[in-house]
Amino acid sequence: MVVQQKQKPIRLSLGDKRSVRTQFGALPFRLNDGKVEILLITSRGTGRWIIPKGWPMDGETPAGAAETEAFEEAGIEGKLYDHVLGFYAYDKGFAGEKLPCVVAVFPLKVKKQLKDFPEKGERRRKWVSRKKAAQLVSEPELRQMIKGFDPKGLK
């Protein structure tokens, strides 16, 4: 039996926003001739291939924060599923420090790709196969999540 639980918005004071060290990300996907494709974007600093992700947002659900980041960083909109696919860890460079972060990842079926979006001039985006996406990302847990991703189980 699966229990459906509604996400509650997060309440944060401004000072707590980055000390949480939890981020929420979207795994953007589409079906192209029956094959799953993943949209990756580049990071602003190093140009590594990543998924859209960001810090918790006051008054927003984790899935809602992931959806907002997908719009701002990748210029995409679609159906976001509010259950977590999995988690991965990475070190975030911030103010000269390396902050260990854990990212909760939510699947996002892309329905619209915008030409203009907030971080357009700062990032590149690329549609690739699951296999290629897994090769391009550097985080081992994210790599495994992408390899094993099957949208058929999403409801």
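Summary of values
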{"quantity": "Phi-based couplings in Hz for region 133-144 (Karplus 6.51, -1.76, 1.60; Gly and Pro marked x)", "calculated": "4, 5, 6, 7, 7, 9, 7, x, 5, 5, 4, 5"}
{"quantity": "Accessible area (Å², per residue) of the chain, counting only protein heavy atoms and a probe of 1.4 Å", "calculated": "58"}
{"quantity": "Region 72-155: relative contact order as a whole-number percent, Cα under 8 Å and 6+ apart", "calculated": "35"}
{"quantity": "Positive minus negative residues near Glu72 (Lys, Arg vs Asp, Glu; Cβ under 14 Å)", "calculated": "-3"}
{"quantity": "222 nm mean residue ellipticity, helices alone, for the chain (DSSP H n ≥ 4; -39,500 (n - 2.57); rounded to 500)", "calculated": "-4000 deg cm²/dmol"}
{"quantity": "Accessible area of region 15-122 belonging to carbon and sulfur atoms, whole % at 1.4 Å probe", "calculated": "46"}
{"quantity": "Fraction of antiparallel bridges per DSSP, the chain only, in percent to nearest 5", "calculated": "75"}
{"quantity": "Top positive-direction residue, dipole computed over region 52-155 with Cβ charges, set Phe94, Tyr81, Gly59", "calculated": "Tyr81"}
{"quantity": "Net charge of Cβ neighbours under 9 Å - reference Lys111; Lys, Arg +1; Asp, Glu -1", "calculated": "+3"}
{"quantity": "Among (1) 15.0, 47; (2) 15.8, 47; (3) 32.8, 120, the entry derived from the coordinates for Rg and Dmax of the Cα atoms in Å", "calculated": "(1)"}
{"quantity": "Set of aspartates and glutamates with alpha-carbon distance to Lys152 below 20 Å, sequence-local pairs under 8 removed", "calculated": "Asp33, Glu37, Glu77, Asp82"}
{"quantity": "Nearest-10 value in Å² for the accessible area of Ser129, using the 1.4 Å probe", "calculated": "60"}
{"quantity": "Residues of region 49-67 with amide N under 18 Å of a point placed 7 Å along Cα→Cβ from Thr22", "calculated": "53-67"}
{"quantity": "Residue-level accessible surface for Ile76, protein heavy atoms, 1.4 Å, Å²", "calculated": "0"}
{"quantity": "Heavy atoms of Arg48 accessible to a 1.4 Å probe, total area in Å² rounded to 10", "calculated": "80"}
{"quantity": "J(HN,Hα) series, region 81-93, from Karplus relation 6.51 cos²θ - 1.76 cosθ + 1.60, nearest Hz, glycine and proline x", "calculated": "8, 8, 10, 7, 6, x, 10, 9, 10, 7, 9, 9, x"}
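The values are calculated or read from the model by the stated rules, or taken from the named source; none is laboratory data. The shown structure was predicted, so the numbers you read here are calculated from the model rather than taken from an experiment. When we count neighbours, we look across all protein chains shown, and the Cβ atoms used for this are built from the backbone with ideal geometry, even at glycine. Quick note on the areas: whole protein, heavy atoms, side chains included, nothing else; ligands and nucleic acids left out. Shrake-Rupley method; radii C 1.70, N 1.55, O 1.52, S 1.80 Å.
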